[in-house]
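Here's the structure we're looking at; comments come further down.
The values are calculated or read from the model by the stated rules, or taken from the named source; none is laboratory data. Small disclaimer: the values here were computed from a predicted structure and weren't measured. As a convention, Cβ positions derive from the backbone with ideal geometry for all residues, glycine included, and neighbour counts pool all protein chains shown. SASA here: full protein model, heavy atoms, side chains in, ligands and nucleic acids out. Shrake-Rupley method; radii C 1.70, N 1.55, O 1.52, S 1.80 Å.
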Amino acid sequence: MHTYSIYFIFFMKFSHILLLVPIATAFTGCNTVTSIQYPAANVNKTLSVSSETTSHSKSVAGQHLIENTQTTVSGQKNLSQSALGSGTFGLLGSMTAMAMDKSANHNAIKKSTLNQAIKFDKLLNTDLKTDIDRTLSPNIKMLEMNQASDIKITPYAHLSFEYKPKVLVSYGVVSEFLNAANNNKKARREYQFISKQNKYTLPELEANNNALFTDGANKAFALMSQAIAYDINHNFSLNIFDEQKQRDCSNAYSFGVSFLKTPDNSCIGVEKDIKGNVIESTIFVTEQ
């Protein structure tokens, strides 16, 4: 058997653990931009918030999932990124690098007060119930958490040690549903929160019973919940922009985001590809 055949077999056997491509990139790639739409406003639909953990655009090889949480940790060593990027270590070398990264990311957080069972499902569920009610839509029904539904909503947080000694804190939501713009094939859209301040030292995040981390989550999921409710109810278009909001909503971390016209002062935006097409797989919500 040829050497390349052996490597191919190993790759196929272990490829399920190689999370190499961010979710947004996976949907946009280098092909034509996929149009993604929730079921029409006049179509009955159910949604439910999930307590599960999901892959997301911050997911990287070698990340660590804090046990019983929806929070992942990365960036302590980044050996796997170097191994996978260079292609010189081979599959087994890359797997070893990922294992080392995973261990390092676990060690970075294991003595922290953040290393506890913190989930965002109940927080987002409460916010979404309120925001869905505000849409006054008779066609959207909010179910209890973890129910089979037309739209599955999963929150997450990510901590990256890439900018040591600072920790980059990210919050987001992944929505899974049948794409009305593509013959009801399965689709997912991610909502990412862009904060005015998103890097802290670990002691800063841990102070006062993780106050910065908790307060950041409260703010992020409240604003993303509103954007999700508007999106599901088709209260904004991904191709109608607002020049005033482009001035009012931009911050130091929102470079490249084009802000949309919405029913209120919400700061909701999208990115475009090099051809000027909207990348519909990710929606950004900035801190106001």
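Selection of segment 182-239 for residues being among the basic types (Lys, Arg) and farther than 30 Å from GLN37 by Cβ yields LYS196, LYS199. Only one of the listed residues (GLU176, GLU280, GLU204, GLU190) is crowded, with 20+ Cβ neighbours inside 10 Å, of a type in the set (Asp, Glu) and either over 17 Å from the mean Cα position of the chain (by Cα) or part of a strand (DSSP E or B) (or both). That residue is GLU190.
Can you find a residue that is among the small types (Gly, Ala, Ser), at pLDDT below 95, in contact with a strand residue (DSSP E or B) (Cβ under 6 Å, 6 or more places away or on another chain) and crowded, with 18+ Cβ neighbours inside 10 Å anywhere in segment 62-79? There is at least one residue in segment 62-79 that is among the small types (Gly, Ala, Ser), at pLDDT below 95, in contact with a strand residue (DSSP E or B) (Cβ under 6 Å, 6 or more places away or on another chain) and crowded, with 18+ Cβ neighbours inside 10 Å.
Within segment 126-148, residues that are open to solvent by 40 Å² or more (accessible area, probe 1.4 Å) reach partners that are at pLDDT 95 or above and among the acidic types (Asp, Glu) with beta carbons closer than 7 Å, at six or more positions or on different chains, in the pairs MET145/ASP121.
Does segment 180-190 contain at least one residue that is touching a strand residue (DSSP E or B) at 6+ places or on another chain (Cβ under 6 Å), small (Gly, Ala, Ser) and under 21 Å from LYS122 (Cα atoms)? So far as segment 180-190 goes, no, none of its residues is touching a strand residue (DSSP E or B) at 6+ places or on another chain (Cβ under 6 Å), small (Gly, Ala, Ser) and under 21 Å from LYS122 (Cα atoms).
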